[in-house]
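I have placed the structure first, in the form of structure tokens, so that the comments after it can refer back to it.
The values are calculated or read from the model by the stated rules, or taken from the named source; none is laboratory data. No experiment lies behind these values; they were computed from the predicted model shown. Cβ coordinates were reconstructed from backbone atoms using ideal geometry, including for glycine residues, and neighbour counts include every protein chain displayed. For the accessible areas, the whole protein counts, side chains as well, though only heavy atoms, and no ligand, DNA or RNA atoms are used. Shrake-Rupley method; radii C 1.70, N 1.55, O 1.52, S 1.80 Å.
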Amino acid sequence: MTKIVNHWIGGKSVDGTSGNFGPVTDPATGAVTTKVAFASVDEVDAAVAAAKDAYLSWGQSSLARRTEILFKFRALLDANRDAIAELITAEHGKVHSDALGEVARGLEIVDLACGISVQLKGELSTQVASRVDVSSIRQPLGVVAGITPFNFPAMVPMWMFPIAIACGNTFVLKPSEKDPSASIKIAELLAEAGLPDGVFNVVHGDKVAVDRLLEHPDVKAVSFVGSTPIARHIHTTASANHKRVQALGGAKNHMLVLPDADLDAAADAAVSAAYGSAGERCMAISAVVAVGAIGDELVAKIRERAEKIKIGPGNDPTSEMGPLITAVHRDKVASYVTGAAAEGSEVVLDGTGYTVEGFEDGHWIGISLLDKVPTTAKAYTDEIFGPVLCVLRVDTYEEGVALINASPFGNGTAIFTRDGGAARRFQLEIEAGMVGVNVPIPVPVGYHSFGGWKDSLFGDHHIYGNDGTHFYTRGKVVTTRWPDPADAPAGVDLGFPRNH
């Protein structure tokens with residue numbers, strides 16, 4: 001019997017009533033294992049209404065109560081790491097170790113939310129004028145929404161809702177319809193931790209659900225992670241409906257390798273950063289820029305390592321890379337490789353046509369490595385979101401920086417070098433929101449914020465860290481004057497000597 005994933009509204013599972021369902025496949029077999037209910041406008045409205053009702057009390061609840069619940073949730077999340085990772089692997093396809101790593105990175109933000117009281121402290125200036133004090137405080141927004149992608153079905157929601165609800169907001173999550181089960185498991189754990197009904201809600205669906213959240217008058221802010229075209233649409237539409245928006249878009253992350261770099265370390269980093277999680281991550285290194293005469297040696301080292309990666313089902317402990325999320329996505333990724341030679345690239349490794357014995361209907365693709373890629377090639381200009389690594393050649397550091405800065409994306413980038421001066425110049429000159437120095441995937445820890453530049457971010461706030469707290473709250477400044485008690489009216493004795 002096919003499993004059905006329903007909505008979570010008002011603290012409980014709610015059957016979908018729209019009559020519309022989407023298929024969820026096991027990427028390793030290609031079989032449809034689950035149906036997910038798609039929300040109608042009325043069902044989205046019901047989730048927002050539940051969140052709005054819950055906000056009346058949750059927004060006024062004490063910090064101590066909020067953080068106590070989050071501490072309990074953190075313990076439950078930790079105890080259920082494997083169960084959540086198994087759901088991710090079954091629907092996304094990534095190997096179990098990658099899924100466990102995703103849960104661990106989400107836990108970092110829960111940790112941050114447990115200590116949110118420090119970030120919510122206000123400021124006070126006394127005696128700015130005679131008997132006048134000025135204080136600033138931060139208050140929650142109300143109902144906020146998160147729209148999250150398929151590639152990290154547990155981690156990306158946890159980049160959003162822990163901070164949002166710790167700040168006193170209530171939350172409506174619209175996760176990817178391709179792998180929805182992890183979000184429901186998280187909702188169940190939040191309820192078990194004691195989160196009041198309606199504070200966290202989940203509605204599944206497609207454009208109908210997304211557009212309703214973007215236009216709903218009771219939704220005060222929208223967080224999004226996904227592709228650049230959708231991020232731009234989210235930002236434009238939600239802003240036009242007077243909402244605060246943080247919309248994180250796509251990427252084309254570069255790794256600049258200087259002639260003095262440790263090439264073995266650089267090759268190890270390039271392989272793990274390009275092919276880990278099958279390349280389905282916005283922080284994947286998809287372009288290596290080799291400076292000077294090291295290109296041939298670096299490509300040889302990358303090829304040697306890439307050919308050893310074991311591809312197989314995510315629940316096989318020996319697998320190092322799993323399948324792609326859907327057959328359609330697999331075919332699109334393959335098209336960049338099959339068309340690469342015609343666009344001037346040298347195809348070093350061609351992973352198209354790869355299959356796994358016994359799992360022939362899975363969404364498989366092997367490792368692909370393209371060398372001497374022109375900047376005009378689609379494999380370079382587009383975000384592929386798969387296990388395809390492009391190597392570009394330049395003669396100098398300056399040419400490499402110019403090439404990277406010419407990209408419309410500015411999510412993350414890295415430099416590999418032994419020269420501190422070169423690294424320092426790079427981190428100041430490069431136009432990207434996150435920079436790694438001998439670190440290929442510079443995803444910040446939870447107490448720093450994640451976000452790119454240019455077409456990789458729409459909105460003023462990065463996600464989590466201090467930016468997350470500021471996004472989910474708004475500032476208020478209070479100016480106060482109290483009369484001196486010694487000036488109390490005649491006949492009222494407060495025990496103070498009279499001034500006159």
Carbon plus sulfur fraction of accessible area for the chain, probe 1.4 Å, in percent | 53
With axes computed from alpha carbons, what is the tilt in degrees of helix 181-192 against the longest principal axis of the chain, rounded to the nearest 10 within 0 to 90?
-> 30
For TYR354, TYR472, TYR397, write out the residues from largest to smallest accessible area, computed with a 1.4 angstrom probe and no ligands counted.
-> TYR354, TYR397, TYR472
Can you pull the Kirkwood radius for the chain, inverse mean 1/r over Cα pairs, to one decimal in Å?
-> 24.2
Over the chain, relative contact order from alpha-carbon pairs under 8 Å, at least 6 apart, % = 18
Charge tally in the Cβ shell below 12 Å around GLN139, where Lys, Arg are +1 and Asp, Glu are -1, GLN139 excluded | +4
For the chain, find the longest principal axis of its Cα atoms and tell me its angle to the long axis of helix 263-275, 0 to 90°, nearest 10.
-> 70
Mind checking which of LEU76, THR396, LEU63 is farthest towards the positive end of the chain's charge dipole, using Cβ charges of +1 (Lys, Arg) and -1 (Asp, Glu) about the Cα centre?
-> LEU63
Classify the stretch 271-316 as rounded, prolate or oblate, taking a ≥ b ≥ c as the square roots of the eigenvalues of its Cα gyration tensor: rounded when a/c is under 1.5, otherwise prolate if a/b is larger than b/c and oblate if not.
-> oblate
What whole-number value in Å² describes the accessible area per residue of the chain for a 1.4 Å probe?
-> 41
Here FRET efficiency (C-beta to C-beta, THR338 to ARG232, R₀ 22 Å, nearest 0.05) is 0.15
Report the GluC sites (Glu not before Pro) located in the stretch 271-372 that are in a DSSP loop and have at most 15 other Cβ atoms inside 10 Å of their Cβ, or state none.
-> GLU307, GLU357, GLU360
The answer for trypsin sites (Lys or Arg not before Pro) in the stretch 101-191 that fall in a DSSP coil and have at most 15 neighbouring Cβ atoms within 10 Å is LYS121, ARG131
Determine the sum of side-chain charges near LYS12: Lys and Arg each +1, Asp and Glu each -1, restricted to other residues whose C-beta is under 12 angstrom from that of LYS12.
-> -3
Calculate how steeply helix 63-79 sits against the longest principal axis of the alpha-carbon atoms of the chain, using the helix alpha-carbon long axis, and give the answer as 0 to 90 degrees to the nearest 10.
-> 30
Anything over 28 Å Cα to Cα? Flag those among LYS72/LYS310; LYS174/LYS454; LYS35/LYS310; LYS252/LYS372, in the order listed.
-> LYS72/LYS310; LYS35/LYS310
Please give every one of the aspartates and glutamates within straight-line cross-link reach of LYS121, meaning a C-alpha to C-alpha distance under 16 Å, and leave out same-chain neighbours fewer than 8 residues apart.
-> ASP467
Computed [θ] at 222 nm, deg cm²/dmol, the chain (DSSP H ≥ 4; -39,500 (n - 2.57); rounded to nearest 500) | -11000 deg cm²/dmol
Protein-only accessible surface order, largest first, of PHE171, PHE385 at 1.4 Å | PHE385, PHE171
Cα-based equivalent ellipsoid, the stretch 49-198: semi-axes from gyration tensor eigenvalues, Å | 34, 16, 14
Ordering HIS363, HIS448 by the accessible surface of their heavy atoms, 1.4 Å probe, largest first, yields HIS448, HIS363
Enclosed volume per residue, in Å³, of the convex hull spanned by Cα atoms of the stretch 113-255 | 175
For the stretch 427-492, what class follows from the C-alpha gyration tensor (a ≥ b ≥ c being the square roots of its eigenvalues): rounded when a/c is under 1.5, otherwise prolate if a/b is larger than b/c, else oblate?
-> prolate
Just the Cα atoms of the stretch 305-459: what Rg and Dmax do they give in Å?
-> 17.5, 52
Indicate the gyration tensor shape class of the stretch 369-500 (rounded, prolate or oblate), computed on the Cα atoms with a ≥ b ≥ c the square roots of the eigenvalues: a/c under 1.5 is rounded; otherwise a/b larger than b/c is prolate and the rest oblate.
-> prolate
